[in-house]
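The structure appears below as structure tokens.
Every read-out reported here was derived from the displayed coordinates using simple, explicitly stated rules and does not represent laboratory data. Please read all numbers here as calculations on a predicted model, not as lab measurements. A quick note on method: Cβ atoms are made from the backbone with ideal geometry, for glycine too, and the neighbour counts reach across all protein chains shown.
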Amino acid sequence: MILIVAEHAGGKLAKSTLEMVTAARESGREGPVTVLVLGQGVAEIANAAAAVADQVLVADLPALATYNAELWAAATAQIAQEGEAHTVVIGGSRSGREYAPRVAVRLDAPYLEDAIHLASTGTALQAQRYTYLARVTETVEAEGPVVVVSVKPGAFAPAAPLAAPGEQYDVELDLPAPRVEVTGRSLEKTSRVALTEADVIVTGGRGVGNPENFSRYVEGLADRLGAGVGATRAVVDAGWRPYAEQVGQTGKTVQPKAYVALGVSGAVQHLSGMGKSRYIVAINKDAEAPIFKVADYGIVGDVNQIVPALIEAARK
Ligand code: FAD
């Protein structure tokens, strides 16, 4: 079987889990696509996973109430061994990349990190990933009774629900006492949807002019649309916005239903991070800007004039 470890937050299945299901199906590896849900009070999360997976294994335990690398690695390796998984798929989030190598060590398995594409070549698993600041796309291959792979968030489309949900099974775990304890957690207070979860993203580029305009126009429109906020590298390098918002080869890869680019030229490094969005809308004063080559809807004009009118229209 292919074992995927679900990512979830705030009682909801993360979009990255749906993306991992697509990665597993596209990999050409055989066997049921199985999602493992670790946590406490995860019934709803397991139901959401069952909508897209052939089967769901649920470990609903107080010990798993909070993410802990040691516990996640032990649980994943144990279930992979018991289920004779030949492929273990883990999210390329910070925590996923923390515990995935530990799973590989426990299983004595090769580990492929941050895959943007997966394929089978005979008995081997082949992955593509960016390297050298995303200047190079590298193809790597690993073979063995079991291979562990982490998947770059946003690189695969989220899986659509199956006609019939997969079966759910409770699993027992023999967990070690963790040596590292999470003693506190504070949640950033933001009403804005995370970039990797957003159905709609509004991104600002250098053409927006300055940080104040970015807040006014990009955040203003995003708030009206309930959208996530993205930025180009030029804007991040200029210190207008945090790196967490950067979209592109060296930033986040996203695939929202709608991507609105304001004052973004559409450099190839930016396009590689958002080019798979379902609808791309661009506003740029230069009719020759490369962003218009990928845009489904384009407005040639000044963001300073057009965006206030859009915000006003969205308000109505
Ligand atoms: P610009 O290219 O300066 O474009 C600004 C645009 O705004 C122009 O098209 C202009 O016509 C328009 N404009 C100006 N004024 C207005 C106005 N008033 N109204 C409307 N439009 C206006 N870039 C990324 O974004 N993400 C990455 O991850 C990334 N990784 C990179 C990795 C490497 C190795 C390298 C070499 C580069 C990378 N870049 C990345 C940088 C990329 O090449 C571009 O420099 C960058 O995307 C340009 O950002 P921009 O579109 O905001 O700015």
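By the equivalent-ellipsoid construction on the alpha carbon gyration tensor, the range 180-220 comes out with semi-axes of 30, 13, 10 Å, ordered largest to smallest. Summing Cβ point charges (Lys, Arg +1; Asp, Glu -1) relative to the Cα centre of the chain gives a dipole of roughly 1220 debye. All distinct Cα pairs of the range 200-316 go into the 1/r average, and the inverse of that average, the Kirkwood radius, is 13.6 Å. Computed over Cα pairs, the Kirkwood radius of the range 1-79 leads via Stokes-Einstein (1.002 mPa s, 20 °C) to a diffusion coefficient of 171 µm² per second.
Cβ crowding within 10 Å ranks Ile311, Ile90 as Ile311, Ile90, fewest other Cβ atoms first.
Beta-bridge orientation, the chain: approximately 25 percent antiparallel, per DSSP, counting only bridges with both partners inside.
Normalised by the number of residues in the range 1-130, what is the relative contact order in percent for Cα pairs under 8 Å and 6+ residues apart?
Relative contact order of the range 1-130: 27 percent.
If the segment from Ala157 to Ser95 were pulled out straight at 0.36 nm per residue, it would be longer than the present Cα-Cα gap by 20.2 nm. Relative contact order for the chain: 15 percent, from Cα pairs under 8 Å spaced at least 6 residues apart, divided by residue count.
May I ask you to derive the FRET efficiency for Arg224 and Tyr132 from their Cβ-Cβ distance with R0 = 35 Å, giving the value to the nearest 0.05? Display every interim value, and only then the final one.
On the way: r = 39 Å, r/R0 = 1.11.
After rounding to 0.05, the efficiency reads 0.35.
Considering only DSSP states other than H, G, I, E and B, which GluC sites (Glu not before Pro) in the range 1-80 qualify as loop sites with at most 16 other Cβ atoms within 10 Å? Please report the intermediate quantities before stating the final value.
Numbers: sites: Glu7, Glu19, Glu26, Glu30, Glu44, Glu70; in loops: Glu7, Glu30.
Passing both the DSSP loop test and the Cβ count: Glu30.
Taking only the C-alpha atoms of the chain, Rg followed by Dmax gives 20.8, 62 Å. In the chain, the DSSP-assigned H stretches of four residues or longer account for a calculated mean residue ellipticity at 222 nm of -7500 deg cm²/dmol, using -39500 (n - 2.57) per stretch and the full residue count as denominator.
If you take the Cα Rg of the range 105-256 and divide it by 2.2 N^0.38 Å, with N the number of residues, what do you get?
On the way: Rg = 20.1 Å, N = 152, 2.2 N^0.38 = 14.8 Å.
Normalised by 2.2 N^0.38 Å, the Cα Rg of the range 105-256 equals 1.35.
Looking at the range 214-316, the GluC sites (Glu not before Pro) that sit in a DSSP loop and have at most 11 other Cβ atoms within 10 Å of their own Cβ are Glu288.
Full extension of the chain between Lys316 and Ala238 gives 24.7 nm of extra length, using 0.36 nm per residue less the Cα-Cα distance.
Take every Cα pair under 8 Å whose residues are at least 6 apart in sequence, average their separation, divide by the length of the range 56-145, and the relative contact order is 20 percent.
At most 14 other Cβ atoms within 10 Å and a DSSP loop assignment: could you name the GluC sites (Glu not before Pro) in the range 155-188 that fit? In loop regions of the range 155-188 (DSSP not H, G, I, E or B), the sparsely surrounded GluC sites (Glu not before Pro) are Glu172, Glu181, Glu188.
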